[in-house]
Amino acid sequence: MSRTALVAFGVSLAIAGWSTSAGAYPQYVAKGYTSCASCHYSPTGGGLPNSYGHLATAATFPDEFPSSGIDKLRDSLSKRDVTGRDERGDLAFHYDAGLDSRLMLATLPTVAFIPMLVEVGGVMAYGDGFAYATITPKPVGGSSSGRYDAVSREHWVQYKLSDRQGLRVGRMTLPFGLRIADHTAPTREDFGFGSFDQRYALGWDLLTDDVAVSVAAFGGSRLDSLDERGAAASVTYMFPSRLAIGASLLGADAVASARVAGSLFARWRVWGSTYALAEVAGQQRSTKGADASMVEAATLLRAGWFPLESMDVFAQVGGRRIQGAYEATKLRYMVGTDWKVLPWVELSPAYVFDENVEAGPSHQLLAQMHVFW
């Protein structure tokens, strides 16, 4: 790795740490959304958007290009308000369904079509009870095998203790750090937060005007799994319409190993329609029965601007380093845009440059289409 790359890694790490010393589309902080849970059914963000989330998304479509056909289609595809209570506050049964699909075309050095995600999901509620589930194809034996199994990444039920807090049980994404919707953070899978790394857990979630807290005690990725078990917690303090800062902790134990991980992160509306996202994270894995451990540090820094309500232009740098394993060091630089060409269709072209000590430098052009409803 070049000296310039190492300097960039250190600078981004330092900036991320400085920003956070003070989980959705976190870049929507530029629009004043400091809480991801405002627009998603999941208290920790991500997954199907709720009715408010769809209204917020539809509002980004430029009104200066009116179309009666699109307006009629948008009205017919509008989402139900799934709350479990009617307008008078009485018990009511509500349900809804949705689609989240991400398809990507990658070029340089070769052209490859990658179905990143094709997921359908549903929600239902009655009074204080709430249920959420998704199903999606998962590659078997690697994405090149052409074989897929149908799996449910998330399925959980929730009981609302109050308007601000609730208990969940089932398979869910653990609360930890920033959640980048476009899967471009190069270290998430290393930390156990990949696309299919949800866990069975019991969770408690609290959301107020200023604070969001999520705590989960988790088991394996399958009900009969013997892999690691532990607990994770994430706390975010929000300055409405301007800034959200937070911290996460995770501790886990398995038959042959144990680990502890932590993250500091920030989402900041800098000025006007500009924003910055930053995260610095680290974890230590220890091997039982041997005097061996691995310390890993990761960082992410992203700056962006919404020149239009429907378009996000950004630059991003992220990296990972393992103590005592210089050959595993990697950096990723990325520039791109997320452009909502229709209320339910987003195009995301990007250029990515990876610098990996072991594999060498590489670069590629990505063209991603996101369809959601």
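The values are calculated or read from the model by the stated rules, or taken from the named source; none is laboratory data. The structure displayed is predicted, hence computed values, not measured ones. Please note: Cβ atoms are built from the backbone with ideal geometry, for glycine as well, and neighbour counts cover all protein chains shown. The accessibility values were calculated without ligands, DNA or RNA, using every heavy atom of the protein model including side chains. Shrake-Rupley method; radii C 1.70, N 1.55, O 1.52, S 1.80 Å.
One table, with the values for the structure above:
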{"read-out": "Filter result for the condition that a residue is over 17 Å from the mean Cα position of the chain (by Cα), at pLDDT below 95 and open to solvent by 20 Å² or more (accessible area, probe 1.4 Å), over Arg199, Arg179, Arg188, Arg164", "value": "Arg164"}
{"read-out": "Test set (1) open to solvent by less than 20 Å² (accessible area, probe 1.4 Å); (2) over 24 Å from Ile245 (Cβ atoms); (3) at pLDDT below 90 - Ser143 fails condition number", "value": "(1)"}
{"read-out": "Scan of the stretch 202-242 for residues that are acidic (Asp, Glu) and under 23 Å from Ala266 (Cβ atoms), ordered by number", "value": "Asp205, Asp209, Asp210"}
{"read-out": "In the stretch 207-220, residue surrounded by the fewest Cβ atoms within 10 Å (Cβ to Cβ) [restricted to those that are touching a strand residue (DSSP E or B) at 6+ places or on another chain (Cβ under 6 Å) and more than 14 Å from Gly246 (Cα to Cα)]", "value": "Ala217"}
{"read-out": "Extreme residue, farthest from Asn356 (Cα to Cα), among residues of the stretch 333-345 that are at pLDDT 90 or above and not small (Gly, Ala, Ser)", "value": "Trp339"}
{"read-out": "Thr337, sole failed condition from (1) of a type in the set (S, T, N, Q); (2) within 27 Å of Asp227 (Cβ to Cβ); (3) surrounded by fewer than 20 Cβ atoms within 10 Å (Cβ to Cβ)", "value": "(2)"}
{"read-out": "Residues (open to solvent by 30 Å² or more (accessible area, probe 1.4 Å) and within 22 Å of Glu154 (Cβ to Cβ)) located in the stretch 94-116", "value": "His94, Tyr95, Ala97, Leu99, Leu103, Ile114, Pro115, Met116"}
{"read-out": "Evaluation of Arg88 against (1) part of a strand (DSSP E or B); (2) farther than 30 Å from Phe353 by Cβ (one fails), failing number", "value": "(1)"}
{"read-out": "Which listed residue, of Tyr351, Tyr326, is surrounded by fewer than 16 Cβ atoms within 10 Å (Cβ to Cβ) and touching a Gly at 6+ places or on another chain (Cβ under 8 Å)", "value": "Tyr351"}
{"read-out": "Members of the stretch 221-249 that are open to solvent by less than 40 Å² (accessible area, probe 1.4 Å) and polar (S, T, N, Q)", "value": "Ser221, Ser225, Ser234, Thr236, Ser248"}
{"read-out": "Options Glu87, Glu119; residue that is among the charged types (D, E, K, R), open to solvent by 90 Å² or more (accessible area, probe 1.4 Å) and at pLDDT 80 or above", "value": "Glu87"}
